[in-house]
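Asks: Structure provided below as structure tokens; questions to follow.
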Amino acid sequence: MRRRSVTGPILLIVLGAAFLVYNLRPDIELFDLLSQYWPFLLIAWGSLRLVEVMVDYFRGSLQNSAGFTGGEVVLIVFICFIGWGAFAAHREGIHFRPAWEAFGEHYDYSVGDQKPAGNATRVVFENNRGNLKVIGADTTDIKVTGRKTVQAINQAEADRGNDGTPLEIVAQGDTITVRTNQDHNPTRGKISEDLEITVPNRLNVEVHGNNGDYDVSEMNGSVEVQADRSDVRLNKIAGNARVELQRSDLVRATDLKGKLDLQGKGSDLELESIAGEVTINGSYSGNLEFKNLAKPLHFESPNTDLRLAALPGQISMDLGELTGNNLVGPVHLVTKSKDVKIEDFTNSLELETERGDIELQPRHLPLAKIEARSHSGQINLVLPDKAGFQLVATTDHGEAVNDFGAPIQKATDGPSSSLKGSVGQGAAIHVATERGTVTVRKAGSDIENPEKPEKPEQPEKPEKPEKAET
Amino acid sequence: MNANDANLVRAVRWPITLITLGSLFALNNFTDYGFHQTWPVLLIVFGLLSLLGRTTVRPPVGPPPPGTGGVR
């Protein structure tokens, strides 16, 4: 007779204990812990079987068929898959809550507090979930008003959640912390707080949170925002600004007097009237608008590297296109697959795109030095009438079209063509494409948008898979 | 060196594999060594256990015919 394994009963005991903990200590996030520590269940199970086997062996009653049953193997595979997925989700910041907790009612509470800022130089906001609106003013007090939403199955539970998460304004040294204490929630319901805060505008502002929109305006100090998932709007900030986000739908910064440093992933980006240097390092999949930047811009993403000295005009960019107007060079742009259209730029332009058309229309005299290359795409060059330049425009596979006139000579050699010519003493203009038509024409001529010839076939070379991010 | 030993090796094979599996996933969750890197350890452990089974196993009666010493 085969002795039955003790695994079954022990599993029941562990399950019972787990649910007991879950019911009695809601502050322990059992499911979250389980998503990390589940491999130890396998280890414990294996150890248990090992002990069983040893005990049987020393008793001399070891059975021939002490392997695992098919059911057990299926269960182990199942646990591995679920555990793997749960851990992946945990790492992505998704915290598990059982489905039945998604229900319940929302209970609202109004929150508010006021405290003098004293000699503090820094104010820190800690709000895990919810929106913040911070407004600087000519005042001495920090004043918080807002609303707290507690998710709970009944009023008593909601009250318990509310009481356990008091809003605090704590002064310590030169720092004042405004804390919503959502992580001290004694219940399992979600809590989120939307707050409007007026602070003395001389302070430096720091915002930490997980999920919520942050709106900071009219501050004379610096601003720093760090969040997992949030939209950020900055307006009229005199100090430097630094924004670090894991994910966002929109980041907007307008009227900044200081530097802006932006990091992370997101979608849309709107920057306007920024007096300081702008550094962006991240990936953005939506529309990007830059307008009126007085100091150098450095934008770096997995697909695009853009540097320029200043931007009196504007640049808009999305995944497939970049258009710019009135750029102060030296401009440096390397991008993987974008159509690029730049009107009016100074000093020099260095441009390289792997796949995409290029249209350049310098208006500023004397002309900027141009070095533009596309691996696959047509190039349109529109030059002012009176400009002086030394032009070399080539295509390896395609046509060269000269709409400029006399000083430019066309040459064809097999599949490749080129346009060469010089007018007076001027900047060197080198444009080249491996596949596509090269056109040079005079600004103001009537053929504004000549019919685009069919794009040549893409080259057969295997292409690297690209992330769908700008 | 007897049939009971052979049974022991066979019986511990699955528990030990399970412990190894659990350890690899624990490494995956708490260290930089991902399961996608460490999974060959499972093969090695299973192979070692099989090898161990082979060295201990002898047919219960009679000497083995020459040249087939390791057959179970």
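The values are calculated or read from the model by the stated rules, or taken from the named source; none is laboratory data. Since the structure is predicted, the reported quantities are computational estimates derived from the model, not experimental observations. Virtual Cβ from ideal backbone geometry, glycine too; neighbours counted across all protein chains shown.
Asks: Quick one: how many residues across segment A:330-376 are touching a residue at least 60 places away in the same chain (Cβ under 8 Å) and not in a strand (DSSP E or B)?
Replies: Looking only at that region, the number is 4.
Asks: Filter segment A:110-142 for residues that are closer than 19 Å to A:Arg202 by Cα and either in contact with a His (Cβ under 9 Å, 6 or more places away or on another chain) or not assigned by TED's automatic domain parsing to the domain that holds A:Thr180 (or both) and give the result.
Replies: To start, the set of residues in segment A:110-142 that are closer than 19 Å to A:Arg202 by Cα comprises A:114-125, A:132-142.
Across segment A:110-142, the qualifying residues are A:Val124, A:Phe125.
Asks: So which of A:Val6, A:Val51, A:Val55 is modelled with pLDDT under 85 and among the aliphatic types (A, V, I, L, M)?
Replies: Values: A:Val51 fails: modelled with pLDDT under 85; A:Val55 fails: modelled with pLDDT under 85.
That would be A:Val6, the only listed residue that is modelled with pLDDT under 85 and among the aliphatic types (A, V, I, L, M).
Asks: Mind checking which residues of segment A:217-268 are under 21 Å from A:Met317 (Cβ atoms), polar (S, T, N, Q) and assigned to a loop (DSSP other than H, G, I, E, B)?
Replies: A:Ser248, A:Ser267
Asks: Then there is this: Taking A:Asn127 and the conditions (1) touching a Leu at 6+ places or on another chain (Cβ under 8 Å); (2) surrounded by fewer than 15 Cβ atoms within 10 Å (Cβ to Cβ), which numbered condition does it fall short on, given that it satisfies the others?
Replies: Result: A:Asn127 fails condition (2) only.
Asks: With A:Leu195, A:Leu167 as the choices, which residue is more than 26 Å from the chain's Cα centre (by Cα) and of a type in the set (A, V, I, L, M)?
Replies: Criteria check complete, one pass: A:Leu167.
Asks: Next question, about the same structure. Which condition breaks for A:Val123 when tested against (1) modelled with pLDDT under 90; (2) out of contact with any Gly (no Cβ under 6 Å at 6 or more places or on another chain)?
Replies: (1)
Asks: Residue by residue through segment B:13-51, note down the ones that are of a type in the set (S, T, N, Q) and closer than 25 Å to A:Val53 by Cα. Write out each step before concluding.
Replies: Going through segment B:13-51, the residues of a type in the set (S, T, N, Q) turn out to be B:17, B:20, B:23, B:28-29, B:31, B:37-38, B:50.
Passing the criteria: B:Thr17, B:Thr20, B:Ser23, B:Ser50.
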